[in-house]
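Colleague: Got a structure for you, questions after.
The values are calculated or read from the model by the stated rules, or taken from the named source; none is laboratory data. Everything numeric here is computed off the predicted structure, so don't read it as measured data. With ideal geometry, Cβ positions are generated from the backbone for all residues, glycine too; neighbour counts draw on all protein chains shown.
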Amino acid sequence: GHLERFNPAVVHLHSIVKNPRFVECHRLAPFTERGTDVDVVLDLMVHDLDVILSVAPSEVASLEAVGVAILTDRIDLANARVRFQSGLIANLVSSRVSARRERKIRFFQPDAYISVDYEARSIQIFRRTPAVRGAQFPTISAEQIDFGEGDPLADEVNAFVESVRNRSTPAVSAEDGLRVMELTERIKQVMLTDSVAP
């Protein structure tokens, strides 16, 4: 689930996300047989959970989740709402039975709305600017940053090899991996019990 950490748009995201209050994620895909040995939480949602935990680290205060098996005997469509102790709320939708493909994450913070398109490797930033003289409301400025082509998988492997060679802490630590796996397990448990977890 760490591949998106090496997406150039996500790398840049760390420099602009400050105190987000709400995150919305949509990771949708048409059905294929690939990955059906696990549910959609481990297949798709794990990527967005990892990105959220990397840019806005905080302990989970509570979560709600629902999942539905549609074409397989495992959860194919999932929604999770995670509330963090920092006050951040994340709403995640993952589907591997969608009519269209989408890979987006959106951050809402006091000074900006930031939308990342993982596949296009682009970021749109909408910032509130002070109202001009005589205007009643502030205006919104828009900026788009395109990162072009890249190879996150190669970057991920190279970063790991470099950490082994230099005996340095990897870009994504074992603790990071454990944390996101623990959260996916909590989400799946809530889906199985059809309840809200504290």
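Colleague: Does Ile89 satisfy the criteria of being under 16 Å from the mean Cα position of the chain (by Cα), more than 20 Å from Leu42 (Cα to Cα) and of a type in the set (A, V, I, L, M)?
Modeller: Yes: the conditions hold for Ile89.
Colleague: Among the residues of region 9-24, count how many are free of Cβ contacts under 8 Å to residues at least 12 places away in the same chain and either surrounded by 14 or more Cβ atoms within 10 Å (Cβ to Cβ) or in contact with a Ser or Thr (Cβ under 9 Å, 6 or more places away or on another chain) (or both). Spell out how you get there, then give the answer.
Modeller: Pass one, region 9-24, residues free of Cβ contacts under 8 Å to residues at least 12 places away in the same chain: 11, 15.
Of the ones still in play, those that are also either surrounded by 14 or more Cβ atoms within 10 Å (Cβ to Cβ) or in contact with a Ser or Thr (Cβ under 9 Å, 6 or more places away or on another chain) (or both) are 11.
Number satisfying all stated conditions: 1.
Colleague: I've got another one for you. Tell me, yes or no, whether region 38-59 has at least one residue that is over 21 Å from Arg5 (Cβ atoms) and in contact (Cβ under 8 Å) with a residue 24 or more places away in the chain.
Modeller: For region 38-59, residues over 21 Å from Arg5 (Cβ atoms) and in contact (Cβ under 8 Å) with a residue 24 or more places away in the chain: present.
Colleague: Return the residues of region 118-146 that are basic (Lys, Arg) and either part of a strand (DSSP E or B) or touching a residue at least 40 places away in the same chain (Cβ under 8 Å) (or both); say none if nothing qualifies.
Modeller: Hits for region 118-146 are Arg121, Arg127, Arg128.
Colleague: Please find, within region 149-185, the residue that is surrounded by the most Cβ atoms within 10 Å (Cβ to Cβ) out of those that are in contact (Cβ under 8 Å) with a residue 40 or more places away in the chain and not in a helix (DSSP H, G or I).
Modeller: If we take residues in region 149-185 being in contact (Cβ under 8 Å) with a residue 40 or more places away in the chain and not in a helix (DSSP H, G or I), then Val172 is surrounded by the most Cβ atoms within 10 Å (Cβ to Cβ).
Colleague: For Val68, state whether it is exposed (fewer than 14 other Cβ atoms within 10 Å of the Cβ) and either modelled with pLDDT under 95 or of a type in the set (S, T, N, Q) (or both).
Modeller: For Val68, the condition - exposed (fewer than 14 other Cβ atoms within 10 Å of the Cβ) and either modelled with pLDDT under 95 or of a type in the set (S, T, N, Q) (or both) - is met.
Colleague: One residue is enough: does region 1-11 have a residue meeting the conditions modelled with pLDDT under 95, more than 18 Å from Leu192 (Cβ to Cβ), aromatic (Phe, Trp, Tyr) and not in a loop (DSSP other than H, G, I, E, B)?
Modeller: The answer is yes, given that some residue of region 1-11 is modelled with pLDDT under 95, more than 18 Å from Leu192 (Cβ to Cβ), aromatic (Phe, Trp, Tyr) and not in a loop (DSSP other than H, G, I, E, B).
Colleague: Right, here's the next one. When you go through (1) modelled with pLDDT under 95; (2) crowded, with 22+ Cβ neighbours inside 10 Å; (3) farther than 22 Å from Ala171 by Cα one by one for Leu92, which number turns out not to apply?
Modeller: (1)
Colleague: A further question on this structure: Please enumerate the residues belonging to region 103-131 that are β-branched (Val, Ile, Thr) and over 12 Å from the mean Cα position of the chain (by Cα).
Modeller: Hits for region 103-131 are Ile114, Ile123, Ile125, Thr129.
Colleague: In region 110-121, which residue that is at pLDDT below 95 and not aromatic (Phe, Trp, Tyr) is surrounded by the fewest Cβ atoms within 10 Å (Cβ to Cβ)?
Modeller: Checked region 110-121; the qualifying residue surrounded by the fewest Cβ atoms within 10 Å (Cβ to Cβ) is Pro110.
Colleague: Could I ask something else about it? Among the residues that make up region 25-34, is at least one of them closer than 21 Å to Asp117 by Cβ, surrounded by fewer than 19 Cβ atoms within 10 Å (Cβ to Cβ) and among the acidic types (Asp, Glu)?
Modeller: No, every residue in region 25-34 fails to be closer than 21 Å to Asp117 by Cβ, surrounded by fewer than 19 Cβ atoms within 10 Å (Cβ to Cβ) and among the acidic types (Asp, Glu).
Residue-by-condition table, conditions (1) in a strand (DSSP E or B); (2) of a type in the set (A, V, I, L, M, F, W, C); (3) within 26 Å of Ala171 (Cα to Cα):
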residue: Val51; (1), (2), (3): no, yes, yes
residue: Ile75; (1), (2), (3): no, yes, no
residue: Gly87; (1), (2), (3): no, no, no
residue: Ala99; (1), (2), (3): no, yes, no
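Colleague: Taking the stated definitions as given, is Ser115 free of Cβ contacts under 8 Å to residues at least 12 places away in the same chain and assigned to a strand (DSSP E or B)?
Modeller: Yes, satisfied.
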